[in-house]
Amino acid sequence: MIKKIPSQYDHYKTDIVLYEWWRLIGPRHVLLWQSAITITVMQIPFGLAGYVGFLDYVELQLGWLTVVAIAANRWTIVFFALKRSIRASKPVSLQIRSLRNPIRLIGASIGTGVGIIAGLVSAAAYSIPLGVGVGVSIGAIAVLYTASSEAVPIGVKRPMDPLFNDRRFSLVIGFVLGAYAVLYYSTIYGVRVAVLYGMMCVLGAVCSSAYMRYVIAVFYGWTLGFPLRLNKFLAWCYDSGILRQSGSGYQFRHQELEEFLSAQGQ
């Protein structure tokens with residue numbers, strides 16, 4: 001089954017690339033599952049807070065217009081996470097050395113400058129600690145995005161490395177976005193609402209990542225008969241001499257075995 005899938009996706013394709021596994025076994029099903037999981041998981045913070053009772057509390061304290069605004073901001077965050085979960089086709093890794101590129105360096109510098117200005121304004125309007133937090137978080141977001149890039153198969157030591165890098169990046173960017181959300185929304189709606197928004201940012205970044213897509217693809221493939229521990233199974237095939245590593249993917253080592261398996265799959 002594993003031999004047959006890549007050739008169905010592309011007649012000339014023989015590599016088994018883990019971060020493209022979702023494309024090979026059913027992209028529409030995997031995307032639908034990831035979208036549904038992203039939307040559902042991002043409801044957890046407000047669900048734990050008791051959404052109905054929480055909105056009643058806010059309405060009594062701040063008014064019903066604030067309730068509408070909070071709901072609008074909440075679903076805006078969900079929308080951006082959902083958009084990322086659909087468009088992020090490859091894992092992302094943080095490459096600080098890429099800032100040597102003049103264009104990336106200019107982008108990071110502009111983002112840092114915006115962070116400094118926003119920090120100064122927040123410090124003048126509210127407090128110095130808040131201003132420092134806003135400035136640092138905006139600058140960090142700018143640097144993270146300009147220094148990140150999609151995974152490339154060159155120089156990969158293990159096929160899972162691009163996905164592990166994507167998982168680390170998603171956690172880092174999620175916590176940085178969450179920190180900014182807490183600082184920003186605390187000045188508008190209070191700390192309680194801001195913390196819920198921050199939790200949504202972290203969960204949204206993780207659920208919309210390429211690593212989460214791989215996890216969902218593995219579980220979906222398991223329902224079709226593929227190994228649940230796909231990476232472990234392919235690593236065993238590599239250790240046994242059945243497969244060889246080619247960049248971020250696996251290839252069959254012996255042409256005779258590959259031809260035999262292809263014939264069995266027909």
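In whole Hz, what ³J(HN,Hα) sequence does the range 191-206 give by Karplus (6.51, -1.76, 1.60; θ = phi - 60°), x for Gly and Pro?
My calculation for the range 191-206 gives 5, 4, 5, 4, 5, 5, 5, x, 5, 5, 5, 5, 5, x, 5, 6 Hz in order.
Which shape class, rounded, prolate or oblate, goes with the range 62-171 when its Cα gyration tensor gives a ≥ b ≥ c as root eigenvalues, a/c under 1.5 marks rounded, and past that a/b bigger than b/c marks prolate? It would help to have the intermediate numbers written out before the result.
Working: a/c = 2.92, a/b = 1.42, b/c = 2.05.
Oblate is the answer for the range 62-171, as a/c is 1.5 or above yet b/c matches or exceeds a/b.
Please work out the FRET efficiency for the pair GLN95 and LEU65, using the Cβ-Cβ distance as r and a Förster radius of 45 Å; give the result to the nearest 0.05.
Working: r = 44 Å, r/R0 = 0.98.
Once rounded, the FRET efficiency stands at 0.55.
Taking Rh as the Kirkwood radius computed over C-alpha pairs, what is the Stokes-Einstein D of the range 207-255 at 10 °C in a medium of viscosity 1.306 mPa s, expressed in µm² per second? List each step's numbers first, then the result.
Numbers: Rh = 11.9 Å.
Value of D from the Cα-based Kirkwood radius: 133 µm²/s.
Restricting attention to the range 125-231, which trypsin sites (Lys or Arg not before Pro) occupy a DSSP loop and are surrounded by at most 15 other Cβ atoms within 10 Å?
On the way: sites: LYS157, ARG167, ARG168, ARG192, ARG213, ARG229; in loops: LYS157, ARG229.
Passing both the DSSP loop test and the Cβ count: LYS157, ARG229.
May I have the convex hull volume per residue, in Å³, for the Cα set of the range 132-213?
Roughly 84 Å³ of hull volume per residue.
Suppose each label sits 7 Å from its Cα in the direction of the beta carbon; what would the TYR126-ARG168 distance come out to in nanometres?
3.1 nm
Read-outs throughout are calculated quantities, based only on the coordinates presented, and are distinct from any laboratory measurement. None of the values given here were measured: they were computed from a predicted structure. Neighbour counts run over all protein chains shown; Cβ positions are idealised from the backbone, glycine included.
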